[in-house]
Amino acid sequence: MEKKKSKKKINSSTFLLMITIALFAVMYIAGMIIFNDKGFAKPQMFMNLFISNAGLIVIGCGMTLVMITGGIDISVGSVTALVCMSAAYAMENKGMSAVAAVVISLLIGTLFGIVQGYLVTYLEIQPFIVTLAGMFFGRGLTAVISTDMIAIQNKTFLKWANYRINLPFGTYNRRGIFIPAYIYPTVIIALAVVILITIMLKFTKFGRSLYAIGGNQQSAVMMGLNVKRTKMKAYVLDGFLAGLGGFLFCLNSCAGFVEQAKGLEMDAIASAVIGGTLLSGGVGTVIGTLFGVLINGTISSLITTQGTLSSWWVRITLSALLCFFIVLQAVIAAVKRKKKKK
Amino acid sequence: MSNEKKKFNWKAVTQHHLFLPIVCLLVVLLVNVIKTPDFFVISMKGGVLYGYLVDVVNRASELVIVAIGMTLVTAASGGQDISVGAVMAVAASVCCQILSGGQVSTDTLMNSMALAIIAAIIVAGLCGAFNGFLVANLGIQPMVATLILYTAGRGIAQLVTKGQITYVRVDSFKVMGGYIGKCPIPTPIFFAIAAIILINIILKKTALGLYIESVGINGSASRLVGLNSTMIKFLTYVICGVLAGVAGIVASSRIYSADANNIGLNLEMDAILAVALGGNVLSGGKFSIMGSVIGAYTIQALTTTLYAMAVSADQLPVYKAIVVIIIVVIQSPVFRRNMEAWKQKRALRNKAMEGGH
């Protein structure tokens, strides 16, 4: 009953984050117990969560930034598809180097961020509408580049994609030979982004202004913050991270096709919301989003490991969780309002 | 409207709320006069009307039905329902699954049509009620609340059809997406017209239309006046869900099957676009059903035009996205303010020049 003692110290945001972490732990441990015979308890299984979701982690970080300001970005899935396709097209059909593909990816993401940010902040159009248009634009543009799948065979790129980093722990196989768990460089990049953004949100002026704007735009203006420029920066950074995340996604899939990353924006939003980011803005951490992504990954790997359940259960479970957290947020907000009135 | 035209008062005509939507529609049609001259040819083939224009009006039916619901939701809650496409898929799969009695494909009806249609519409209404509850009672932003069903809807639809595409190869079911007897006009058009008339009657004969507007303009003020703003918001979502259900049944009848992945795909975007094109403000308040209807036909005309110009279905969103952005930019208050300021500046400069002479 530690919770009761420190009840006053726990505000709603840490409360939501704690629920998320606890939920993840419960789900994963339950998975380990139920599917132990299918190898769910292996350390590699845990690492796979990071490997297959590296792109989503980075994209989720960008989403969190925008959501802290009270906005939203549903174009990230399409940006990912566009980035993958452009990178694949540049390397395979135009013979560009892998480094050039990285630059193109980041540029595409940043451009999306700049245009969408401008429309949202300076023309004051609802972020949802702007990014909805961005979502369709990105997906359509992907189809304009190529309607066929382009598999990437660039040597440098594949070297990056398949460069294993062995970890000091692992499992022993039946013959007693040690097999180390491994990760790919994408995981390190993703975690680095999480750490950098966390530091930025906590300790820089920009990070603190984001929270101030999301909490109450009016008072942020009165405090003398440049609301428009800060919001703009958030969208540009979000676009950049979508580009980077898209490239990480590409390193994982090694191909570009039109239907790629469909619904990724929903995964990113769901992860952020499950991670305790408030949809109304002002509250949220990227650590929470990281756990949101891990929960997302755990659901899908639990359902694939189970084997008999169909893939659409992933979506339904995720939406149920999303619903739960959204309602929880609404309830917390209502309770807060009542307290204020008293 | 007719009064204004008699006087040839141009300012009154240009300021009418349907002026811009009609201009948009005319522009799209004008492009066709130049690009595809046979766009306007209507002929009889095999006892039914045939031609690009008929196709536009026919194909736009589902969009018109959904756009009406979207207009009400937009007006009352200042947000959009992005789950309509998914709700269509759910309604379609419920309807087909009942008709086929759980089989993948059927040649005879297993249950009565009325039962299937009513069940599908009830399910769609429940989806709407779920959205409405989240938005009206819990105060969640509309697009975020409807995001849940947007994500889950197609999963639920697949759950209903057990992941397969349910075929109902029965002529009486095909009627709704095809033709009634020897009538040369496609049935979906009748559905669209019926929806327009019905909603207009409800809005005109009761005070609901006025209530929706006042709730959209200022929710708390209308609550103080004595309107149950929560109930009204909730109601618009239920109506939107029911209309999406009707659209879903029509769409599934067209292809006499329930394709959970593709029925109503991206229709939410088109519906929002139709609402915006119709001159409705996306942040709620005053609305015009007819504007949205014209907007819906404009979009379908645009789509058909682009198809006629050999643009592939995958590439279509690019053009639509550009149109949306242009419309919302023109509608944005900041842009309007800047335009006004620019106009005033120019007027001042002109005056100054005259003064100089």
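The values are calculated or read from the model by the stated rules, or taken from the named source; none is laboratory data. Remember, predicted model here, so these are calculated numbers, not experimental data. Cβ sites come from the backbone with ideal geometry, for glycine too, and all protein chains shown count toward neighbours.
A:Ala41 fails exactly one of the following numbered conditions: (1) under 30 Å from A:Gly113 (Cα atoms); (2) not in a helix (DSSP H, G or I). What is the number of that condition?
Here A:Ala41 meets the rest and fails (1).
Looking at the stretch A:155-201 only, could you name the residues that are in contact (Cβ under 8 Å) with a residue 60 or more places away in the chain and either charged (D, E, K, R) or part of a loop (DSSP other than H, G, I, E, B) (or both)?
The one that is in contact (Cβ under 8 Å) with a residue 60 or more places away in the chain and either charged (D, E, K, R) or part of a loop (DSSP other than H, G, I, E, B) (or both): A:Tyr184.
Would you say A:Val144 is of a type outside the set (Ser, Thr, Tyr), in a helix (DSSP H, G or I), facing chain B (nearest Cβ under 8 Å) and surrounded by fewer than 20 Cβ atoms within 10 Å (Cβ to Cβ)?
yes
Given (1) surrounded by fewer than 22 Cβ atoms within 10 Å (Cβ to Cβ); (2) in contact with an Asp or Glu (Cβ under 6 Å, 6 or more places away or on another chain), where does A:Thr131 come up short, assuming only one miss?
Single failed check for A:Thr131: (1).
Considering only residues that are within 16 Å of A:Leu201 (Cβ to Cβ), within 14 Å of chain B (Cβ to nearest Cβ) and of a type in the set (S, T, N, Q), which ones fall in the stretch A:276-292?
The one that is within 16 Å of A:Leu201 (Cβ to Cβ), within 14 Å of chain B (Cβ to nearest Cβ) and of a type in the set (S, T, N, Q): A:Thr277.
Have a look at A:Phe169, A:Phe157, A:Phe136, A:Phe128 and point out the one that is more than 25 Å from A:Lys94 (Cα to Cα) and away from chain B (no Cβ under 14 Å).
Among A:Phe169, A:Phe157, A:Phe136, A:Phe128, only A:Phe169 is more than 25 Å from A:Lys94 (Cα to Cα) and away from chain B (no Cβ under 14 Å).
A:Val236 is checked against (1) under 23 Å from A:Gly113 (Cα atoms); (2) more than 21 Å from the chain's Cα centre (by Cα) and fails just one. What number does that condition carry?
Result: A:Val236 passes all but (2).
With A:Ile269, A:Ile299, A:Ile332, A:Ile295 as the choices, which residue is within 27 Å of A:Thr186 (Cα to Cα), within 12 Å of another protein chain (Cβ to nearest Cβ) and β-branched (Val, Ile, Thr)?
That would be A:Ile269, the only listed residue that is within 27 Å of A:Thr186 (Cα to Cα), within 12 Å of another protein chain (Cβ to nearest Cβ) and β-branched (Val, Ile, Thr).
Return yes when B:Ser288 is within 11 Å of chain A (Cβ to nearest Cβ), surrounded by 17 or more Cβ atoms within 10 Å (Cβ to Cβ) and polar (S, T, N, Q) and no when it is not.
It is false that B:Ser288 is within 11 Å of chain A (Cβ to nearest Cβ), surrounded by 17 or more Cβ atoms within 10 Å (Cβ to Cβ) and polar (S, T, N, Q).
Just checking, how many residues over the stretch A:103-120 are polar (S, T, N, Q) and farther than 16 Å from A:Met85 by Cβ?
The qualifying residues number 2.
Out of B:Val23, B:Val41, B:Val104, B:Val57, I need the residue that is at pLDDT below 90, closer than 18 Å to B:Tyr307 by Cα and surrounded by fewer than 24 Cβ atoms within 10 Å (Cβ to Cβ). Which one?
B:Val41
Every residue in the stretch B:146-171 that is small (Gly, Ala, Ser), under 29 Å from B:Thr236 (Cβ atoms) and either without any contact (Cβ under 8 Å) to a residue 24 or more places away in the chain or in a loop (DSSP other than H, G, I, E, B) (or both), please.
Here is the first cut: in the stretch B:146-171, the residues small (Gly, Ala, Ser) are B:152-153, B:155, B:157, B:163.
If we keep only those that are under 29 Å from B:Thr236 (Cβ atoms) as well, we get B:152-153, B:155, B:157.
Listed by number, the list holds a single entry, B:Gly155.
Among the numbered criteria (1) charged (D, E, K, R); (2) within 14 Å of another protein chain (Cβ to nearest Cβ); (3) touching a helix residue (DSSP H, G or I) at 6+ places or on another chain (Cβ under 6 Å), which single criterion is violated by A:Asp238?
Just one mismatch for A:Asp238, condition (2).
Yes or no, residue by residue, for (1) of a type in the set (Phe, Trp, Tyr); (2) touching a helix residue (DSSP H, G or I) at 6+ places or on another chain (Cβ under 8 Å); (3) touching a residue at least 24 places away in the same chain (Cβ under 8 Å); (4) assigned to a helix (DSSP H, G or I):
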| residue | (1), (2), (3), (4) |
| --- | --- |
| B:Phe191 | yes, yes, yes, yes |
| B:Ile202 | no, yes, no, yes |
| B:Leu227 | no, yes, no, no |
| B:Phe234 | yes, yes, yes, yes |
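Yes/no matrix, rows are residues, columns are (1) at the interface with chain A (Cβ under 10 Å from one of its Cβ atoms); (2) surrounded by 12 or more Cβ atoms within 10 Å (Cβ to Cβ); (3) of a type in the set (S, T, N, Q); (4) out of contact with any Asp or Glu (no Cβ under 8 Å at 6 or more places or on another chain):
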| position | (1), (2), (3), (4) |
| --- | --- |
| B:Ala310 | no, no, no, yes |
| B:Tyr319 | yes, yes, no, yes |
| B:Val324 | yes, yes, no, yes |
| B:Pro333 | yes, yes, no, no |
| B:Arg349 | no, no, no, yes |
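Among (1) touching a Pro at 6+ places or on another chain (Cβ under 9 Å); (2) at pLDDT 90 or above, where does A:Ala90 come up short?
Among (1) touching a Pro at 6+ places or on another chain (Cβ under 9 Å); (2) at pLDDT 90 or above, the lone unmet condition for A:Ala90 is (1).
Got a number for residues in the stretch B:27-37 being out of contact with any helix residue (DSSP H, G or I) (no Cβ under 9 Å at 6 or more places or on another chain) and under 14 Å from B:Leu302 (Cβ atoms)?
Number satisfying all stated conditions: 1.
Given the conditions (1) within 14 Å of chain B (Cβ to nearest Cβ); (2) closer than 20 Å to A:Thr186 by Cβ, which single one is not true for A:Ala87?
The one condition A:Ala87 does not meet is (1).
Quick one: how many residues across the stretch A:74-128 are over 20 Å from the mean Cα position of the chain (by Cα) and polar (S, T, N, Q)?
5
Within the stretch A:187-240, track down each residue that is under 30 Å from A:Leu49 (Cβ atoms) and among the basic types (Lys, Arg).
Correct list: A:Lys202 only.
Out of curiosity, is B:Ile294 within 22 Å of the chain's Cα centre (by Cα), assigned to a helix (DSSP H, G or I) and within 14 Å of chain A (Cβ to nearest Cβ)? Please lay out each step first, then the result.
Details: within 22 Å of the chain's Cα centre (by Cα): yes; assigned to a helix (DSSP H, G or I): yes; within 14 Å of chain A (Cβ to nearest Cβ): no.
The answer is no for B:Ile294.
Looking at B:Ala276, B:Ala251, B:Ala247, B:Ala271, which one is within 14 Å of chain A (Cβ to nearest Cβ) and either under 17 Å from B:Arg154 (Cα atoms) or modelled with pLDDT of 90 or more (or both)?
On the way: B:Ala276 fails: either under 17 Å from B:Arg154 (Cα atoms) or modelled with pLDDT of 90 or more (or both); B:Ala251 fails: within 14 Å of chain A (Cβ to nearest Cβ); B:Ala247 fails: within 14 Å of chain A (Cβ to nearest Cβ).
On inspection, the qualifying residue turns out to be B:Ala271.
Mind checking which residues of the stretch B:144-201 are farther than 30 Å from A:Leu328 by Cβ, within 14 Å of chain A (Cβ to nearest Cβ) and among the charged types (D, E, K, R)?
Scanning the stretch B:144-201 gives a single hit, B:Lys162.
Could you tell me whether B:Leu134 is within 14 Å of another protein chain (Cβ to nearest Cβ) and over 20 Å from the mean Cα position of the chain (by Cα)?
Judged against the criteria, B:Leu134 is a match.
Does any residue of the stretch A:305-318 turn out to be in a helix (DSSP H, G or I), more than 14 Å from every other protein chain (Cβ to nearest Cβ), surrounded by fewer than 20 Cβ atoms within 10 Å (Cβ to Cβ) and not aliphatic (A, V, I, L, M)?
yes
Restricting the search to the stretch A:254-266, which residues are within 11 Å of chain B (Cβ to nearest Cβ) and either closer than 17 Å to A:Leu201 by Cβ or part of a helix (DSSP H, G or I) (or both)?
If we filter the stretch A:254-266 for residues that are within 11 Å of chain B (Cβ to nearest Cβ), which is where we start, we get A:257-259, A:262-263, A:265-266.
A:Glu265, A:Met266, listed by residue number.
Pairs under 7 Å by beta carbon, first residue touching a residue at least 24 places away in the same chain (Cβ under 8 Å) and part of a helix (DSSP H, G or I) in the stretch B:172-184, partner among the polar types (S, T, N, Q) and surrounded by 13 or more Cβ atoms within 10 Å (Cβ to Cβ), six or more apart or different chains?
From residues that are touching a residue at least 24 places away in the same chain (Cβ under 8 Å) and part of a helix (DSSP H, G or I), the pairs are B:Phe173/B:Ser253; B:Lys174/B:Ser253; B:Val175/B:Thr187; B:Met176/B:Thr187; B:Met176/B:Ser253; B:Gly177/B:Thr187; B:Gly177/B:Ser253.
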